[in-house]
């Protein structure tokens with residue numbers, strides 16, 4: 001199976017997805033809930049990314065905020081077309097991506113967009129020769145757009161694409177040129193380092209754990225699927241905790257866009273061996289062991305607990321987050337105070353389970 005797995009690398013993916021993150025950061029938690037709602041309630045977004053968003057977004061001129069909203073939103077599917085271009089044409093740099101778009105005919109771009117929409121619109125699926133239909137304007141685009149379950153502003157944007165594809169392309173080129181030169185180029189090397197580090201870790205896990213790990217990672221048992229099907233993993237910095245699966249219908253490959261923290265938070269903790277690593281990491285620190293020992297006596301609220309431990313609030317918060325992720329403690333807010341409790345039953349149960357995992361075949 002490992003021969004059929006490719007880790008596809010291109011900074012252009014995150015160039016596109018960074019705009020999507022700026023556009024949808026506030027709703028990201030809604031995506032996370034579907035993986036593991038209980039765990040999602042315990043995790044925090046990456047502080048570095050949040051600081052970048054809070055600093056960057058206000059500095060973007062209104063003109064480009066509007067264009068980001070048009071081309072990088074999740075409703076009208078246009079960003080999927082752009083991600084497709086990167087994959088299908090093996091584009092490795094943003095200048096290559098820009099050059100490709102400059103040389104792309106706007107009518108062809110519109111056809112590519114409508115082909116993407118076919119998966120989501122029943123009326124478009126009735127046109128086997130979509131390219132010929134578009135060329136001859138041989139269908140009512142308004143009725144097709146109206147059939148789609150989208151907000152009114154997204155339907156209007158799609159209609160404008162169809163009415164004036166040249167303006168669509170010109171606006172897209174303008175956005176990409178401005179955004180790369182003024183925003184993304186400044187953080188490109190930092191994003192690249194995180195992606196490369198995560199890719200290295202994923203390759204190691206694939207080598208060590210094979211099909212069991214692939215199933216947890218993708219949610220699909222590929223051992224039961226046809227031989228020769230290709231699995232493509234794209235690591236993303238700005239997706240962070242989210243995984244998206246694409247190209248799964250008629251294609252011979254399944255492409256997964258995976259945030260760089262998704263594996264650690266939602267996959268490895270479910271793995272028979274790797275889950276023990278995180279459990280013992282949480283318990284293998286002297287400070288955290290002393291915190292557990294203190295919590296066996298009674299519940300504490302935040303400032304009181306920090307004072308009793310002789311640690312700063314930020315240090316306490318770091319150690320508590322690791323224990324919280326493993327479910328060893330719970331935090332409840334009462335009378336404007338956050339009370340910390342030890343989940344002794346969960347701790348004992350997890351330790352017994354970890355021991356059984358270690359000695360089982």
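Restrict the check to segment 240-249 and report whether at least one residue is surrounded by fewer than 13 Cβ atoms within 10 Å (Cβ to Cβ), out of contact with any strand residue (DSSP E or B) (no Cβ under 6 Å at 6 or more places or on another chain), under 30 Å from residue 84 (Cα atoms) and at pLDDT below 90.
Yes, there is a match, as at least one residue in segment 240-249 is surrounded by fewer than 13 Cβ atoms within 10 Å (Cβ to Cβ), out of contact with any strand residue (DSSP E or B) (no Cβ under 6 Å at 6 or more places or on another chain), under 30 Å from residue 84 (Cα atoms) and at pLDDT below 90.
Test each condition in (1) at pLDDT 95 or above; (2) outside any helix (DSSP H, G or I) for residue 98 and report the one that comes out false.
(2)
With the requirement that a residue be surrounded by 15 or more Cβ atoms within 10 Å (Cβ to Cβ) and either touching a helix residue (DSSP H, G or I) at 6+ places or on another chain (Cβ under 9 Å) or assigned to a helix (DSSP H, G or I) (or both), what does segment 300-320 give you?
Those that are surrounded by 15 or more Cβ atoms within 10 Å (Cβ to Cβ) and either touching a helix residue (DSSP H, G or I) at 6+ places or on another chain (Cβ under 9 Å) or assigned to a helix (DSSP H, G or I) (or both): 300, 302, 305, 306, 309, 311, 316, 319, 320.
Tell me yes or no: at least one residue of segment 157-173 is without any contact (Cβ under 8 Å) to a residue 40 or more places away in the chain, buried (at least 17 other Cβ atoms within 10 Å of the Cβ) and assigned to a helix (DSSP H, G or I).
Within segment 157-173, none of the residues are without any contact (Cβ under 8 Å) to a residue 40 or more places away in the chain, buried (at least 17 other Cβ atoms within 10 Å of the Cβ) and assigned to a helix (DSSP H, G or I).
Among what's in segment 2-27 and is in contact with a strand residue (DSSP E or B) (Cβ under 6 Å, 6 or more places away or on another chain) and in a helix (DSSP H, G or I), pick the residue that is surrounded by the fewest Cβ atoms within 10 Å (Cβ to Cβ).
The residue in question is 4.
The values are calculated or read from the model by the stated rules, or taken from the named source; none is laboratory data. Quick caveat: nothing in here was measured; it's all calculated off a predicted structure. Note: ideal-geometry Cβ built from the backbone for every residue, glycine included; neighbour counts use all protein chains shown.
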